[in-house]
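Reading through the structure tokens given below for one structure.
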Amino acid sequence: MLRTGFAVVSAVPIGVLVYQSLTFLSSSAAWDGPAAVPQSNGVTVFDDHSPSVANLDADLLEALRRAATDAAADGVEFVVNSGWRSPEYQAQLLREAVSKYGSEHEAARWVAAPTTSAHVSGQAVDIGPTAAAAWLSAHGAEYGLCQIYSNEPWHYELRPEASEHGCPSPYADPTQDPRMQQ
Ligand SMILES: [Zn+2]
């Protein structure tokens with residue numbers, strides 16, 4: 001089986017593979033579009049040297065670290081696909097989303113403006129891979145970690161009251177979030 005798989009892969013010119021890998025990494029490693037789900041740049045919630053982790057809200061980070069420690073005991077590793085973002089980077093992501101989705105209206109379902117993004121304020125994190133998001137879906141509320149948007153199963157924010165009362169119902173997408181109406 002392995003040999004068959006290798007033969008298929010090696011039939012593709014190496015240059016194409018390299019190009020696709022680079023495009024994959026540069027264009028979709030750290031934004032809220034659907035393609036972000038399986039991404040991983042290997043940054044964990046314990047990586048103090050990564051600005052995307054170090055600049056997160058301290059309470060959110062503490063909750064993430066407690067959850068990640070318990071998830072690891074279940075054999076699940078958290079990867080930070082995107083955490084804190086600079087306003088400039090958020091603006092770039094929004095421009096790319098408008099280009100990708102064809103309109104500002106459609107882009108707004110996936111990417112917030114720099115002035116409203118919870119990533120820019122350090123209060124949101126996109127967690128992967130899928131197994132980690134699934135673990136959070138089942139256990140996150142115990143740590144106050146809640147999915148906020150139905151269309152973004154990887155995007156988590158801190159809702160401290162969730163540990164007692166459960167997470168609030170998610171918005172369908174960010175356009176339904178009053179915080180995005182500013
Ligand atoms: Zn997000």
*asked:* Considering only protein heavy atoms and a probe of 1.4 Å, how much of the accessible area of region 63-116 is carbon and sulfur, as a whole percent?
replied: 53 percent
*Could you go through region 127-144 in sequence order and give the Karplus-derived ³J(HN,Hα) for each residue, using 6.51 cos²θ - 1.76 cosθ + 1.60 with θ = phi - 60°, rounded to whole Hz, and x for Gly and Pro?*
9, x, x, 3, 4, 6, 4, 5, 4, 5, 4, 7, 10, x, 4, 4, 9, x
*asked:* Give me, ordered by chain and number, the residues 5 or more places off residue 145 or on other chains with an amide H under 5 Å from its own placed amide H.
replied: 159
*Over region 30-182, average the accessible area per residue using a 1.4 Å probe and give it in Å², no decimals.*
47 Å²
*Once phi is turned into ³J(HN,Hα) by the Karplus curve 6.51 cos²θ - 1.76 cosθ + 1.60 with θ = phi - 60°, what whole-Hz value does each residue of region 96-112 show in order, with x for glycine and proline?*
5, 5, 4, 5, 6, 8, x, 7, 5, 4, 5, 4, 5, 6, 10, 10, 7
_Nonlocal amide H pairs with residue 82, under 5 Å, H built at 1.01 Å_ = 126
*Would you mind getting me the FRET efficiency between residue 95 and residue 69? Use the beta-carbon distance for r and R0 = 45 Å, nearest 0.05.*
0.75
*Candidate residues 143, 171, 156: accessible-area rank, largest first, probe 1.4 Å*: 171, 143, 156
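The values are calculated or read from the model by the stated rules, or taken from the named source; none is laboratory data. If you're wondering where the values come from, they're calculated on a predicted model, not measured in any experiment. In this analysis, Cβ positions are derived from the backbone assuming ideal geometry, glycine residues included, and neighbour counts consider all displayed protein chains. Note: accessible area is taken over every heavy atom of the protein model, side chains too, but ligands, DNA and RNA are not part of it. Shrake-Rupley method; radii C 1.70, N 1.55, O 1.52, S 1.80 Å.
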